[in-house]
């Protein structure tokens, strides 16, 4: 890692302030041109530590950048991950307050809810299926506490900015339907995502590392290298199989997963 402890702490503090005030900060990769993957996760960890100190609780993890198209766009070959906190969970059909997020977007995903811990660098697909209580349709709400593009230079944010910013995670909505992941071919679970009644995106679970279960395998193995464990009862957002849909004020979002279920929310 190329950052000092003081630099990590300052970046995390700035991100937390941006979230609370709804005022974005500049690119961390411009502030710290040598910011790398380890440094970005160190900032994310410090940010999570600060949120826990304020009384929030961890309810799970998100996996991002699982599609080949997004990885190619950002010139990376691995997904990223972030932390889900208890104040991020919204009820199915919920209205999202207008002053909650800065530039919200949504993605459609398959959520895994765990019934047993999952840990270790040798975790397998069978291990994930055995540890999963059920899978269900979900929406991830994205937001960015960091500017998407620097106004002065036109420089776009990089993967390290996104990782530091808790992988751009801001919220999640779970559908009511529950399924045994061993009895459903998640590669063929798809969704039609509409905004205000018009179809914006469609996609299939296979867009997530060819199998959403493999996405959870990746997360468990990555967490093992950081001494972390997926705990029983936690929610895992396995990754989006659509492009992010912008959600300006007045957006009504509905994701139709067919026989798998549905999930929706609206933005005031």
* To do: Among the residues of the stretch 250-264, count how many are more than 19 Å from residue 135 (Cβ to Cβ) and part of a strand (DSSP E or B).
  => 3
* Asked: Which residue, of 34, 38, is in contact (Cβ under 8 Å) with a residue 12 or more places away in the chain, out of contact with any helix residue (DSSP H, G or I) (no Cβ under 9 Å at 6 or more places or on another chain), surrounded by fewer than 22 Cβ atoms within 10 Å (Cβ to Cβ) and more than 24 Å from residue 153 (Cβ to Cβ)?
  -> 38
* Every pair of residues 6+ apart whose Cβ atoms lie under 7 Å, when the first sits in the stretch 216-240 and is in contact (Cβ under 8 Å) with a residue 24 or more places away in the chain and at positive phi while the second is part of a strand (DSSP E or B) and buried (at least 16 other Cβ atoms within 10 Å of the Cβ) -> 233/114; 239/63; 239/64; 239/109
* Any chance residue 3 is more than 30 Å from residue 205 (Cα to Cα), in contact with a helix residue (DSSP H, G or I) (Cβ under 9 Å, 6 or more places away or on another chain) and modelled with pLDDT under 95 -> yes
* Asked: Which ones in the stretch 51-93 are assigned to a helix (DSSP H, G or I), over 21 Å from residue 111 (Cβ atoms) and modelled with pLDDT under 95?
  -> 68, 69, 71, 72, 73, 74
* **Single residue of 48, 130, 108 found to be within 30 Å of residue 32 (Cα to Cα) and not in a loop (DSSP other than H, G, I, E, B)** => 48
* **For residue 172: the one exception among (1) part of a loop (DSSP other than H, G, I, E, B); (2) modelled with pLDDT of 95 or more; (3) closer than 24 Å to residue 56 by Cα** => (1)
* Asked: Given 178, 145, which one is at pLDDT 95 or above and within 17 Å of residue 51 (Cβ to Cβ)?
  -> 145
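The values are calculated or read from the model by the stated rules, or taken from the named source; none is laboratory data. Predicted, not measured: the structure shown is a model, and the values here were computed from it. Every residue, glycine as well, gets a Cβ built from its backbone with ideal geometry; the counts of neighbours run over all protein chains shown.
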